[in-house]
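Okay, so here's the structure we're looking at.
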Amino acid sequence: MPNEATTIAFPLRGEWYTETSPADRVPSHGTNRFGLRYAFDFIQKDKNDRSHTANPADYLLGGIPLKNYYCFGQPVYAPFTGEIITVKNNTFDGEKASWLHDQTTAIRHSLFFDPERDGFEAIAGNYIVIKQAASIYAAFCHLQKDSIAVSEGEHIAEGTYLGNVGHSGNSTEPHLHFQLMDSAMIGSANGLPLVFDTYEKYNGNTWEIIQNQFPAAGERIRSLKSDRN
């Protein structure tokens, strides 16, 4: 990670599993488009390495109700003091996560997505863009419909409740997609590197405090903050 990484707070509370991280490859999502170069995906998993309480085969068959996913509806918080630039809150999450539906959606967007025609909600779902400084913006994607609690133009403090983790847009299961970028315009933005000021990482037996770093894919981490700070 470059030395100019921006230090921010971790935007979630409790224990999380890092699904995608720039620690493993850059660009982390396989492309530099849409500010994705250093983007993260976070989900929650239980001790059996499952992200939901349903039978895993249900995802391939009839689908898994979103309420069965541990992270669906979990709160998301502002990682820094800033201004709300963009709020999109009109995309349905659907009722289930389904392999056929989710893969069809992903393939359709990879082949035919047109940002001017479709809008970024088609892939990002419900999302928020926050401005920290002239060239530092954060995007929170796939949020739960009608959960967003902030408005465009609003000035917020670090730790402000933003909305809930959802399954809107181009999402294979409920998760938080989070990225820093150099512009509020996702279509032309470049991704920016970041580190989290402090969090804990699980080492198999104990939790280790980590400062000014970021987790790799497969790491279990947890916030040192509560939903009251």
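Just so you know, all these numbers are worked out from the coordinates, no wet-lab data involved. None of the values given here were measured: they were computed from a predicted structure. All Cβ positions, glycine included, derive from the backbone under ideal geometry; neighbour counts span all protein chains shown.
For PHE72, no residue 5 or more places off, or on another chain, has a built amide H under 5 Å of its own.
As a test, work out the antiparallel percent of DSSP beta bridges whose residues both lie in the stretch 6-222, rounded to the nearest 5. Beta bridges within the stretch 6-222, antiparallel portion: roughly 95 percent. Only Cα pairs under 8 Å and 6+ residues apart enter the sum, and on that basis the relative contact order of the chain stands at 30 percent.
In order along the stretch 208-222, the phi-based Karplus estimate (6.51 cos²θ - 1.76 cosθ + 1.60, θ = phi - 60°) of 3J(HN,Hα) comes to 10, 6, 10, 10, 6, 9, 8, x, 8, 4, x, 8, 8, 9, 8 Hz; Gly and Pro are listed as x.
Overall, the chain carries a charge dipole of about 260 debye about its Cα centre when +1 sits on the Cβ of Lys and Arg and -1 on the Cβ of Asp and Glu, all other atoms neutral.
Sequentially through the stretch 40-55, phi angles give Karplus couplings (6.51, -1.76, 1.60; θ = phi - 60°) of 10, 10, 10, 9, 10, 10, 8, 5, 8, 6, 9, 9, 8, 9, 8, 6 Hz, Gly and Pro residues having no value and appearing as x. Number of Lys-Lys pairs in the stretch 6-222 with C-alpha atoms under 20 Å apart and a separation of 8 or more places or on different chains: 10.
Overall form of the chain: rounded. Here a/c, set by the Cα gyration tensor axes a ≥ b ≥ c, is under 1.5. Near PHE214, the amide H atoms lying under 5 Å from its own belong to PHE196; only residues 5 or more places off or on other chains count, and H is placed 1.01 Å from N. Backbone amide hydrogens, once placed in the peptide plane, bring ALA149 within less than 5 Å of GLY163, excluding anything fewer than 5 places away on its chain.
A DSSP coil position with no more than 12 other Cβ atoms inside 10 Å describes the following GluC sites (Glu not before Pro) in the stretch 123-226: GLU152.
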